[in-house]
Amino acid sequence: MTDHSLSTIKLLTERVSHASLGLPAPSQDELDTIIRAGMRAPDHAMLRPWHFVIVEGERRDSLGVVLNESLKLRGVTDETQLNKALRAPLRAPVIIAVLLKFKEHPKVERNEQIGSAAAATYAMSLAANALGFGSMWRTGLYATDPHVISALGGGEKDEVIGFLYLGTREGPSKLTPTLDPADYITHL
Ligand SMILES: Cc1cc2nc3c(=O)[nH]c(=O)nc-3n(C[C@H](O)[C@H](O)[C@H](O)COP(=O)(O)O)c2cc1C
């Protein structure tokens with residue numbers, strides 16, 4: 001294997017999520033590269049069934065307010081939970097919210113479009129890792145909440161496929177879990 005393919009395989013086989021993410025954030029150029037990786041996700045019928053909402057700097061506080069409102073609309077009154085929602089987006093300097101922009105199509109069902117948007121999210125996490133940043137994919141009940149989806153610019157048929165938290169890794173990375181491929185393989 002060439003050095004290049006070795007580092008690509010290492011990226012793919014050793015990626016781990018990182019919950020503690022700080023500054024520096026990816027630059028605008030780096031974010032552009034990350035988004036370009038997302039846009040190369042497999043996409044049946046070229047529907048581009050995704051949209052990327054970049055949330056950075058003070059806009060993270062606005063997202064926190066939306067998450068807090070989402071809980072209140074669902075009847076949550078617990079102050080600890082409500083405050084946690086306000087602070088949630090501050091766990092990384094940049095978040096890319098990946099919206100499924102569902103498109104009606106005779107052959108490409110919703111599941112396939114979700115698969116494409118999820119592949120885009122994963123591709124962006126790999127690109128961020130390749131650029132030396134850490135990432136963490138989060139969702140929760142917010143992902144399907146109309147209030148959150150609408151605040152991000154989504155419509156009735158859309159949903160959040162992932163909030164991809166990005167930044168510089170703080171603290172050590174977890175160890176890569178040791179899984180045996182044989183436990184997950186059969187041959188037909
Ligand atoms: C669709 C999706 C949604 C997720 N949502 C959350 C979440 O809301 N909170 C969380 O702690 N982890 C969430 N995760 C899991 C983490 O992103 C991560 O994969 C997990 O902690 C395992 O770590 P690893 O990626 O290093 O194996 C989600 C993963 C996926 C694929």
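The values are calculated or read from the model by the stated rules, or taken from the named source; none is laboratory data. In this text the structure is predicted, and so the values were computed from the model without any measurement. Because the Cβ atoms are built from the backbone with ideal geometry, glycine has one as well, and the counts that use them run over all protein chains shown.
General observations
- The single residue among Ala85, Ala127 that is farther than 17 Å from Ile35 by Cα, touching a Ser or Thr at 6+ places or on another chain (Cβ under 8 Å) and outside any loop (DSSP other than H, G, I, E, B) turns out to be Ala85.
- With respect to (1) in contact (Cβ under 8 Å) with a residue 24 or more places away in the chain; (2) surrounded by 12 or more Cβ atoms within 10 Å (Cβ to Cβ), the lone exception for Arg74 is condition (2).
- Of all residues in the range 79-100, those that are of a type outside the set (Lys, Arg) have Cβ atoms under 6 Å from Cβ atoms of residues that are loosely packed, with under 14 Cβ neighbours inside 10 Å, 6 or more apart or on another chain, in Pro93/Leu23.
- Qualifying position, being more than 16 Å from the ligand (Cβ to nearest atom) and either out of contact with any Asp or Glu (no Cβ under 6 Å at 6 or more places or on another chain) or more than 22 Å from Val65 (Cα to Cα) (or both), among Asn83, Asn111, Asn129: Asn83
- Selected residue (only one of Gly75, Gly22 is of a type outside the set (A, V, I, L, M) and touching a strand residue (DSSP E or B) at 6+ places or on another chain (Cβ under 6 Å)): Gly22
- Figure legend. Inter-residue proximity from the range 132-144: first residues at negative phi, second residues near the ligand (Cβ under 6 Å from one of its atoms) and of a type in the set (Ser, Thr, Tyr), beta-carbon distance below 6 Å, spacing 6+ or different chains. Indicated pairs: Met136/Ser17.
- Taking the range 1-41 as the range and being more than 16 Å from the ligand (Cβ to nearest atom), outside any helix (DSSP H, G or I) and either modelled with pLDDT under 95 or within 16 Å of Ser135 (Cβ to Cβ) (or both) as the test, the residues that pass are Met1, Thr2, Gly22, Leu23, Pro24, Ala25, Pro26, Ser27.
- Only a single item in (1) closer than 18 Å to Gly167 by Cα; (2) surrounded by 15 or more Cβ atoms within 10 Å (Cβ to Cβ) is not met by Arg36, and it is number (2).
- When restricted to residues that are of a type in the set (Ser, Thr, Tyr), farther than 14 Å from Ala92 by Cα and in contact (Cβ under 8 Å) with a residue 40 or more places away in the chain, the range 162-188 contains 2.
- Leu71, sole failed condition from (1) in contact with a helix residue (DSSP H, G or I) (Cβ under 8 Å, 6 or more places away or on another chain); (2) assigned to a helix (DSSP H, G or I); (3) within 12 Å of the ligand (Cβ to nearest atom): (3)
- Candidate set from the range 132-170 (those that are surrounded by fewer than 17 Cβ atoms within 10 Å (Cβ to Cβ), in a helix (DSSP H, G or I) and within 12 Å of the ligand (Cβ to nearest atom)); member that is modelled with the highest pLDDT: Thr144
- Answer from Gln81, Gln113 - the residue that is exposed (fewer than 14 other Cβ atoms within 10 Å of the Cβ), at pLDDT 95 or above and within 21 Å of Asp145 (Cα to Cα): Gln81
- Output for the range 42-68, where each listed residue is in a loop (DSSP other than H, G, I, E, B), loosely packed, with under 14 Cβ neighbours inside 10 Å and not acidic (Asp, Glu): Pro42, Gly57
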